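All remarks here apply to the structure that follows.
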Amino acid sequence: MATVNPAASPRRRHGRRLALLVLLGAAAALAWFWQPLIGYARLGTAYGARVACSCRHEGGRSLSDCRKDFEPGMGLVTLSEDSATKSVTARFPLLASDTATYREGEGCRLQPWNR
């Protein structure tokens, strides 16, 4: 017959309850801030694509150098370039992506948003 430590059982239940409360609190916070988070992600990618496209195709700088023009807090925005179409795409992980394309005489324009 196995011996059970009676003091371990209440601690284990307390730990599970605490983990459940933390998980529920995180889910509630995510639900509460979901729309603003999506908005900030879309704004950040639109800004990043437009600024990086202008920097790259009008300024002639490298894409990595164009990151210097980003505002503080844009560390999660990543950039990629399609040199064939002269476009730059900015992505915020799992939430947003925007592309700006350079056209001679017009400069860089964002592609229309699909809501």
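No value in this document is a laboratory result; all are computed from the given coordinates. Predicted, not measured: the structure shown is a model, and the values here were computed from it. Virtual Cβ from ideal backbone geometry, glycine too; neighbours counted across all protein chains shown.
Summary of values
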read-out	value
Single condition S87 does not satisfy, out of (1) in contact with a Cys (Cβ under 9 Å, 6 or more places away or on another chain); (2) more than 22 Å from W113 (Cβ to Cβ); (3) among the hydroxyl-bearing types (S, T, Y)	(2)
Within region 1-110, strands (runs of 3 or more DSSP E) holding 1 or more residues that are out of contact with any Ser or Thr (no Cβ under 7 Å at 6 or more places or on another chain), surrounded by 10 or more Cβ atoms within 10 Å (Cβ to Cβ) and polar (S, T, N, Q)	78-82
Single unsatisfied condition, Y40 versus (1) in contact with a helix residue (DSSP H, G or I) (Cβ under 7 Å, 6 or more places away or on another chain); (2) free of Cβ contacts under 8 Å to residues at least 24 places away in the same chain; (3) more than 13 Å from C108 (Cβ to Cβ)	(1)
